[in-house]
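Readers should treat all values here as calculations from the given coordinates under stated rules, not as data from a laboratory. The structure presented is a predicted model; accordingly, all values stated were derived computationally and were not measured. When we count neighbours, we look across all protein chains shown, and the Cβ atoms used for this are built from the backbone with ideal geometry, even at glycine.
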Amino acid sequence: MRVLVIGAGIAGLSATRCLLEQGVARDALRVVDKGRGVGGRMASRRMDTPAGQARFDHGAQFFTTRSDRFSSTVAAAVEGGAVVEWTKGFGDADGFPRWRGSEGMTSLCKWLAADAGIVPELGTRILDLGDELAARPVDAVIHTAPVPQALA
């Protein structure tokens, strides 16, 4: 089975990891993203300032875990140094940890890709899916880009 995954954010990388776990061959998976790096809406930027380099997250600021499967993935990412607990609530602690990337929010997505040996094709725009599939046929497409980007 050959699969094209459009998007190297948390959804696309998680889907690709699931396909690998289910036995889909690594060379049968193609992950593409129009961005310069993985992460999608878990985006971090760096900039030089007079005081030195600054990093800021301009996508998701934190994430939570509610499912056992994602909790175990995050636990492995914590062990791998990609994720740290940020807080257990705002104002009153509600007991639900809020997590953040250790080096910006892209840290989790970078870890998801590296841990599974996923090497996305970055800077790749698919403008016409029909043309793309005619040139490089696949059995399935997983499209994870946000709707506004998909419709643009």
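Computed from the C-beta positions of Ala152 and Lys88, the FRET efficiency with R₀ = 30 Å rounds to 0.20. Starting from the stretch 15-71, pick out the chymotrypsin sites (Phe, Trp or Tyr not before Pro) whose DSSP state is loop and whose Cβ has at most 15 other Cβ atoms within 10 Å. Listed in order of number, the matching sites are Phe62. For the stretch 62-111, the Kirkwood hydrodynamic radius from C-alpha pairs, put into Stokes-Einstein at 25 °C and a viscosity of 0.890 mPa s, yields a diffusion coefficient of 224 µm² per second.
The share of Cα pairs per 10 Å bin across the chain, counted from zero up to the longest distance, runs 10, 36, 33, 16, 4, 0 percent.
Given a 10 angstrom Cα cut-off, can you work out which residue in Val138, Val32, Val74 is the most mobile in a GNM of the chain? Comparing Val138, Val32, Val74 in the GNM, the peak value goes to Val138.
Over what distance in Å are the Cα centres of the stretch 19-66 and the stretch 116-152 separated? For the stretch 19-66 versus the stretch 116-152, the Cα centre distance is 16 Å.
If packing is taken as the average count of other Cβ atoms within 10 Å, what order do 33-39, 104-110 fall into, highest mean first?
Numbers: 33-39: 19.6, 104-110: 24.0.
Taking the mean over residues of other Cβ atoms within 10 Å, the ranking is 104-110, 33-39.
Label-to-label distance, Phe56 versus Thr124, with points set 7 angstrom from Cα along the beta-carbon direction: 3.2 nm.
Placing unit charges on the Cβ atoms of the charged side chains and taking the dipole of the stretch 3-151 about its Cα centre, the candidate lying farthest along the positive direction among Pro50, Thr73, Gln22 is Pro50.
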